[in-house]
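Enquirer: Can you keep this structure in mind? I'll have questions shortly.
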Amino acid sequence: MKGKIKVILVDDHAVVRAGFRLLLASVDTIEVIAEAERGEAACQFYLEKQPDVMVLDLSMPGIGGLETIRRICNRDSNAKILVFSVHDEAVYVHRAMNAGAKGYVTKSTAPVILALAIQKIAEGGTYIEDGLTSETLAQNNGTASRAIIDCLTPREFDVFLLLAKGLTVHKAAEELCLGYKTVANYGTQIKNKLNVSTVAELAHIAMGLGAKGQCYALHNAVS
């Protein structure tokens, strides 16, 4: 690739974006051309600025990271999106790659890995952080697992994992910056789609998909 790799950073925390920018500024081949804190702005900036790579968090208010990936890739099948997330569960990796992402690294990875992943994706490749690849393939090869994940919309998927981890509807609403009634409605839709009636059953499904941290404080969750 000729010239610097043009990157857009998308994360709802300004301090995190500042850290990313500072990190990438030390790499001669990469230039951060824009930042966004929500998926809606990321979609607009992508069309306006045509980056080589978009570095995107998954947990954001508004439409969220997964829906952002889906919308951008629907408009541009050649979009190069690298997920940079705190989540290291296989279910997140599978869902992000299915939505159209070209790579996935966690925020706990070594700084050099982020630059390496950006470089590889810009050159037309894919990159999944070591340690996530084998787990993801092993846990998501089954048709049943894929069907469970794929039947949920991106926002339903976000709510599903939060409720399965034991968050109350109120806490999940705060986490996603959504209204209580909106999240409660999502919860009902999710249970109907998965043919379950309790949060404990959601947790059981999530554990089968490789998600972590379920089952704590389940008695506090609304079922």
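The values are calculated or read from the model by the stated rules, or taken from the named source; none is laboratory data. Worth saying up front: this structure is predicted, and the values here are computed from it rather than measured. Counting neighbours? That spans all protein chains shown, and the Cβs are built from the backbone with ideal geometry, glycine included.
Enquirer: Does G19 satisfy the criteria of being of a type outside the set (A, V, I, L, M, F, W, C), at pLDDT below 95, at negative phi and crowded, with 20+ Cβ neighbours inside 10 Å?
Expert: Considered against the rule, which asks whether it is of a type outside the set (A, V, I, L, M, F, W, C), at pLDDT below 95, at negative phi and crowded, with 20+ Cβ neighbours inside 10 Å, G19 comes out as no.
Enquirer: Determine which member of the set L82, L56, L23 is in contact with a Pro (Cβ under 6 Å, 6 or more places away or on another chain) and either within 19 Å of F157 (Cα to Cα) or in contact (Cβ under 8 Å) with a residue 40 or more places away in the chain (or both).
Expert: L23
Enquirer: Out of the residues in region 1-16 meeting the condition of being over 20 Å from the mean Cα position of the chain (by Cα) and surrounded by fewer than 17 Cβ atoms within 10 Å (Cβ to Cβ), tell me which one is modelled with the highest pLDDT. Quick ask: steps written out before the conclusion?
Expert: Just the residues of region 1-16 that are over 20 Å from the mean Cα position of the chain (by Cα), to begin with: 1-6.
Still in the list and also surrounded by fewer than 17 Cβ atoms within 10 Å (Cβ to Cβ): 1-4.
Working: M1: 60, K2: 70, G3: 85, K4: 94.
Within region 1-16, the match that is modelled with the highest pLDDT is K4.
Enquirer: Name every residue in region 88-113 that is buried (at least 22 other Cβ atoms within 10 Å of the Cβ) and more than 26 Å from A164 (Cβ to Cβ), in order of residue number.
Expert: If the condition is that a residue be buried (at least 22 other Cβ atoms within 10 Å of the Cβ) and more than 26 Å from A164 (Cβ to Cβ), then K102 is the only one that fits.
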